Amino acid sequence: MKKVLTGALIAIGLSSGAALATPKDPSGTWLTEDGRARIRVEKCPSRADRICGYAVWMKTPNDDKGQPRVDFKNADAKKRGRPALGHQLIMGLKPNADNRYEGQIYNADDGKLYDVSIWTEQPGELNVRGCLMGFLCGSQTWTRVSDTLPGQLTAPTGAPNGPRADAEWAAAAKPAAPATAAKPAAPAAAPKP
């Protein structure tokens, strides 16, 4: 009986520890498996508990006419003219019970959002698993890079020569505006006799 109880306590301790574990921080710049882009992964500007990611380098940043590529397949018509270089594609991933970050990733090739989970197991590698409709899934391994290539955005997110956060993630925590004293209400006019 004592062995069973000890085993149960160990199992409870291990399972509760796994649920409370925080995934390894995936912050850094990563080369996609196909070598077409570098993605900067970092804490979201307004939500330090979430992970965001931005395209900071593209192997082919210009279209066939020599113009910067734009996000023309985006389902949001307001975003179709935005430059592909610097746009946000990892949308505020949060930690899950599997010791990974999960949420959504945007694919500019088809203009769709996919469910994604990311995690690190090996130094210098980021595992990325995306699914459409929960069952059409694929995985990639991205490689950490530390050098800077010509055309790579190097400034902080939101700064000139830096990537741009989507509106819902761009509002960095700002100090509240100072409270202004309310003006006293004007006295009511006396009724005329």
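Key figures
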| read-out | value |
| --- | --- |
| Tally of residues being under 17 Å from PRO45 (Cα atoms) and open to solvent by less than 50 Å² (accessible area, probe 1.4 Å) across region 89-104 | 7 |
| Of residues in region 22-73 being closer than 19 Å to LEU149 by Cα, among the polar types (S, T, N, Q) and free of Cβ contacts under 8 Å to residues at least 60 places away in the same chain, the one surrounded by the fewest Cβ atoms within 10 Å (Cβ to Cβ) | THR60 |
| Per-region count, region 75-86, residues buried (at least 20 other Cβ atoms within 10 Å of the Cβ) and not small (Gly, Ala, Ser) | 1 |
| Failed criterion for LEU132 (all others in (1) in contact with a Phe, Trp or Tyr (Cβ under 6 Å, 6 or more places away or on another chain); (2) within 14 Å of ILE51 (Cα to Cα) hold) | (2) |
| Subset tally (residues that are under 17 Å from the mean Cα position of the chain (by Cα) and on the phi > 0 side of the Ramachandran plot) for region 109-156 | 1 |
| Qualifying residue in region 32-42 (condition: more than 22 Å from ASP109 (Cβ to Cβ) and at pLDDT 95 or above) | yes |
| Test: residue in region 166-173 that is touching a Cys at 6+ places or on another chain (Cβ under 6 Å) and either in a loop (DSSP other than H, G, I, E, B) or not β-branched (Val, Ile, Thr) (or both) | yes |
| Any hit, region 170-188, residues being in contact with a strand residue (DSSP E or B) (Cβ under 9 Å, 6 or more places away or on another chain) and at pLDDT below 90 | yes |
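The values are calculated or read from the model by the stated rules, or taken from the named source; none is laboratory data. What you are looking at is a predicted structure, and each value in this text was computed from that prediction instead of being measured. Note that we place each Cβ from the backbone using ideal geometry, even for glycine, and neighbour counts take in every protein chain shown. Side chains are part of the model used for accessible areas, which takes the heavy atoms of the whole protein and leaves out ligands, DNA and RNA. Shrake-Rupley method; radii C 1.70, N 1.55, O 1.52, S 1.80 Å.
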